[in-house]
């Protein structure tokens, strides 16, 4: 029994592509579940703090990054779900989007990091001044950055003559799941922003 | 008491099976020792009678009855190498076909009975086993068509065991005619009766001491001494006389028949006192035996000399062909491609490149190193066969012409080996096969055929020759191409090309430009002459076709031709498409693999892997033969290729930019992570 469990990762590694095809819709469903759960909770919570208005460049960077992540998610997931693997024009579009993401992520990090600092302390001890994001959006933001770092890093490392085939396979697997997390986090963040605008 | 009877009754089938199994195991002698058996053995003739080598009337030895006493000939004869020309059902992957060439009619037809798309079944073209053996016997290991017409009819029983090869043939067909026997009618069966069968000659592959002579084997077949070929080729004795010299109505019963039939004289030094002969047998054939039929040579002015080429990396590492291309007694030799299923039922995945060098389950056989492929994106493993980067020479701007043993008879001494020797084949051509790019060899079919209902069917080459020899008038020592494109420039022609003043100048005094102009004019006139001559021949061929609406056509060099008002007209047809088959050798080592030095070997607009131009070759003189880039032949989207190549231009810069970007991102995460840790620490302290 124990040895069977131990062998599971090895078996999984040789079928990682197939496993990801199963994990992909589950991951997207999990994202939807998080949103739904948060929506239910916020109905019974107190009113959100006052909203700080966005500056135009903040909106531009936000929408741009969101669009890039959506494009990357679509080219990857649609190809995987429809064709089993990404290739051809799908892969080319994914590569182009990847370049844009590599450029957008540090800008997003530098521009938004401060307004996404999480409030640590007992409830009600937070700042009275207007804030830009809900807590769920802040968590999603840091998740986007962290997963974005992994998503970009794994592929850039793969472009160098450092790793052999098993290493490349590992990088691809990590890239896939980090990409899924990034897309889900972006969705949650979008929900957070939308909720904030609707509720204030 | 009853229960004992019942138990015995229940066990009877098992006992019977066990007894049968035991019988099956002991039917053929075996030693089961890795040392191998020392083959001092008696010789048996085609009738299964023991031969007295000292007898002046000694018959040639028969491998069927000599080797077959201890080895299962019936199982062996269905092996991959012995099913040539016969429907074997092996349509798994295309391989090199036999190419029927006839220099007199400009014919080169890829033949195979294996059902490979693009080849033609010899039987469908009226090419008999007799024809196949005479044409290709030089590189056949015997068996298959060599067993005569009965084998082709689908009989499970080996013709060598005593079935007549043809309806007219009496008694044992494998046995050659002996003096005193009545001659048969003037049919191929009558000639089979004289020649005997061409059995599988085990020693063509399993001879260890390299005394076996394929040249003698070939000569004996050319002389129609089929049954004598194994004896002569192994050097067991001398064979005098030729069946080919005997007329079809040769009367073996006549008084002087004995003197005219081939005679076997065994060399005394090969025979022991107890009338046994030593066969120096090796279980797994030597590479040289394989190379006799599987050599490929590059030819042409642009090809580097042979000594500059490297050997296959596996052979250099001490391996042999049969280390991967294995078989059991059933001789279903493993071809070694991915996804192959062996008729033996044994899994053979680990004998493929990927199975041995890449995959985890069972790879690494014979010390095969694990492929590292550092920095190679995984998508390459889906889009490329291993051979795309590791096999054959790197492509030039055009693929080079090749000669092969099977098509061009390499291995036999001759003076005519060169790029003009038909059939014209080229390599490497990169095509997609099963979604992956792989190197191929390619040949364009050339034949005379009948077009009916949109389908072109080749005609029997010999019948075509009979119908067209007066029209084509191909002289001895010449060939179809020369005969149909023969032109002589008149003074008026030269004046038209060079001007009146230079037209009379001697050829050696002409400038390079002038010579080029004359060559161009000659080529144009030759093409014109060809169209006219072809029109004439097609008109003649129409008389030989049945009046069922069939239209005579000629297919060559990637085009089909039909009769027209002012010379033959070319048109496109699927029958003119080239036949291509994948190859895997010679394998280049990792450091010499394509892409090992740079991604730009492939990912560049001018990469020969995609931009290389493949020009159709064939016996038809064609000033503008069909040309395609390898990208077109492989079916890739040129826009996408260009886009990818463009993306590679900034790849190095992107890597630097990517690392810088990741650095900033990581610093931000680290900085705010540190702030978070400090905030948590403060919060904890306040509690």
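Read-outs throughout are calculated quantities, based only on the coordinates presented, and are distinct from any laboratory measurement. Note that the structure is a prediction, hence the values are computed from the model and not measured. Please note: Cβ atoms are built from the backbone with ideal geometry, for glycine as well, and neighbour counts cover all protein chains shown.
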- Message: I need the Debye-formula profile for the stretch B:447-576: one equal scatterer per C-alpha, no solvent, reported as log10 I(q)/I(0) at q = 0.11, 0.14, 0.18 1/Å, two decimals.
- Response: -0.49, -0.70, -0.95
- Query: Given 0.36 nm per residue, what is the gain on full extension from residue B:269 to residue B:680 after removing their alpha carbon distance, in nm?
  - Reply: 138.0 nm
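Please give the FRET efficiency for residue A:174 paired with residue B:276, using the beta carbon to beta carbon distance and R0 = 60 Å, rounded to the nearest 0.05. Could you put the intermediate results ahead of the total?
Values: r = 70 Å, r/R0 = 1.16.
Plugging the Cβ-Cβ distance into 1/(1 + (r/R0)^6) gives 0.30.
Which shape class applies to the stretch B:594-687: rounded if a/c is under 1.5, otherwise prolate when a/b exceeds b/c and oblate if not, where a ≥ b ≥ c are the square roots of the Cα gyration tensor eigenvalues?
In terms of gyration-tensor shape, prolate.
If packing is taken as the average count of other Cβ atoms within 10 Å, what order do B:191-197, A:67-73, B:359-365, B:274-280 fall into, highest mean first?
On the way: B:191-197: 28.0, A:67-73: 20.0, B:359-365: 13.3, B:274-280: 15.9.
The packing order, highest mean first, is B:191-197, A:67-73, B:274-280, B:359-365.
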- Give the calculated FRET efficiency between residue B:69 and residue B:35 to the nearest 0.05, with a Förster radius of 25 Å applied to their Cβ-Cβ distance. 0.75
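Which percent, nearest 5, of DSSP beta bridges in chain B are antiparallel?
On the way: 54 of 56 bridges.
Within chain B, antiparallel bridges account for around 95 percent of the total.
Could the peptides B:677-687, B:314-324 be put in order, highest first, of the mean number of other beta-carbon atoms found within 10 Å of their residues? Let's see the in-between values first.
Details: B:677-687: 10.0, B:314-324: 16.5.
Those peptides, ordered most packed to least, come out B:314-324, B:677-687.
Taking the Kirkwood radius as the inverse of the mean 1/r across Cα pairs, report the Rg/Rh of chain B. Can you show the working numbers first?
Numbers: Rg = 31.8 Å, Rh = 29.6 Å.
Rounded to two decimals, Rg/Rh equals 1.07.
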- A chain fully extended from residue B:382 to residue B:482 at 0.36 nm per residue, minus the present Cα-Cα distance, gains in nm 31.3 nm
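Quantify how strongly other chains surround peptide A:160-168 by giving the mean number of their Cβ atoms within 10 Å of each of its Cβ atoms. Kindly include the intermediate steps, with their values, before the conclusion.
Details: counts 4, 6, 2, 5, 7, 10, 4, 4, 9.
If you average over the peptide's residues, the count of other-chain Cβ atoms is 6.
What number in nm² do you get for the stretch B:279-396 if you take the convex hull of its Cα atoms and divide its surface by four? Show your work: numbers first, answer last.
On the way: hull surface 40.9 nm².
That works out to 10.2 nm².
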- Task: At 7 Å along the Cα-to-beta-carbon direction for both residue B:492 and residue B:543, put a label point, then send me their distance in nm to one decimal.
- Result: 3.1
- Query: Taking the Cα-to-Cβ direction at residue B:297 and at residue A:42 and moving 7 Å from each Cα, how far apart do the two end points lie in nm?
  - Reply: 8.0
- Message: How many angstrom lie between the Cα centre of the stretch B:31-45 and the Cα centre of the stretch B:648-687?
- Response: 76
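Averaging sequence separations of C-alpha pairs under 8 Å and six or more residues apart, then dividing by the length of chain B, give the relative contact order as a whole percent.
Reported relative contact order: 12 percent.
Kirkwood Rh, Cα Rg: Rg to Rh for the stretch B:486-531?
Numbers: Rg = 10.5 Å, Rh = 10.8 Å.
Answer for the stretch B:486-531: 0.97.
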- Item | Rough spin-label spacing in nm, given labels placed 7 Å along Cα→Cβ, for residue B:244 and residue B:309 | 2.9
- Item | Centroid-to-centroid separation of the stretch B:209-254 and the stretch B:284-300 [C-alpha atoms, Å] | 24
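Take peptides B:543-554, B:302-313 and line them up by average Cβ neighbours within 10 Å, highest first, as a rough protection proxy.
B:543-554, B:302-313
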- Taking alpha-carbon centroids only, the stretch B:572-590 lies from the stretch B:371-419 a number of Å equal to 9
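Just round it to a whole percent: the fraction of Cα-Cα distances in the stretch B:270-319 exceeding 13 Å. Before the final figure, lay out the partial values.
Values: 922 of 1225 pairs.
Of all Cα-Cα pairs in the stretch B:270-319, 75 percent lie more than 13 Å apart.
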- Dividing the helical contributions, -39500 (n - 2.57) per DSSP H run of n ≥ 4, by the residues of chain B yields a 222 nm value, nearest 500 deg cm²/dmol, of -9500 deg cm²/dmol
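If I take every Cα pair under 8 Å that is 6 or more residues apart in the stretch B:447-576, average their sequence separation and divide by the length, what percent do I get for the relative contact order? Spell out each step's value before the answer.
Working: 157 pairs, mean separation 36.4, N = 130.
That works out to 28 percent.
Grab the eigenvalues of the alpha-carbon gyration tensor for the stretch B:518-650, scale each by 5, take roots, and send me the semi-axes largest first in whole angstrom.
Working: eigenvalues 339, 59, 43 Å².
Listed largest to smallest, the semi-axes of the stretch B:518-650 are 41, 17, 15 Å.
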- Mean other chain Cβ within 10 Å across B:655-661 is 6
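How shielded is A:67-79 by partner chains, expressed as the average number of their Cβ atoms within 10 Å of its Cβ atoms? The partial results should precede the final answer.
Values: counts 0, 0, 0, 0, 0, 0, 0, 0, 0, 0, 0, 0, 0.
Average neighbour count from other chains, rounded to a whole number: 0.
Could you compute how fast the protein assembly as shown diffuses translationally, taking Rh as the Kirkwood radius over C-alpha pairs and applying Stokes-Einstein at 10 °C with viscosity 1.306 mPa s? Give it in µm² per second. Provide the component values of the computation, followed by the final result.
Numbers: Rh = 33.7 Å.
Stokes-Einstein gives a translational diffusion coefficient of 47 µm²/s.
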- Query: How big is the stretch B:184-311 by the Kirkwood estimate over distinct Cα pairs, in Å?
  - Reply: 17.2
